[in-house]
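Comments concern the structure below.
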Amino acid sequence: MQIPENPSSNDIREALIELGQKVDRLEYKFDAYQKGTDGMVRMATTIIIATASVVVLSSLSPAVTAIVTALSAGNGQ
């Protein structure tokens, strides 16, 4: 809406109502964007933790196997 050069109180009221509606739409868009971003950060964090767990466990696996083999060989004597 464009406000006339000599606006009446009704023109100003309508402009304020329209402005309020635009602000509400912007707030909704921001909230939706923020929720989406939070979800992506949670998903990325989960993927990073899962990948780190796999890397750590795969590097520990030969060591654990060697310990179990040594313990079972020691018990067999």
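A few notes on this one:
- Label-to-label distance, nm, for residues given as Met43 and Ala15 (7 Å Cα→Cβ offset): 4.4
- Mean residue ellipticity at 222 nm, helices only, the chain: -33500 deg cm²/dmol; runs of at least 4 DSSP H residues each add -39,500 (n - 2.57), and the sum is divided by the number of residues.
- At 0.890 mPa s and 25 °C, Stokes diffusion of the chain via Kirkwood alpha-carbon radius, µm² per second: 131
- What the chain shows is 88 Å² of accessible area per residue, with the surface traced by a 1.4 Å probe over protein heavy atoms.
- For the chain, size of Cβ-based charge dipole, Lys and Arg +1, Asp and Glu -1, in debye: 540
- Surface composition of region 15-62: carbon plus sulfur atoms contribute 72% of the solvent-accessible area (1.4 Å probe, protein chains only, all chains present).
The values are calculated or read from the model by the stated rules, or taken from the named source; none is laboratory data. None of the values given here were measured: they were computed from a predicted structure. Cβ sites come from the backbone with ideal geometry, for glycine too, and all protein chains shown count toward neighbours. Calculation scope for accessible area: heavy atoms of the full protein, side chains included, ligands and nucleic acids excluded. Shrake-Rupley method; radii C 1.70, N 1.55, O 1.52, S 1.80 Å.
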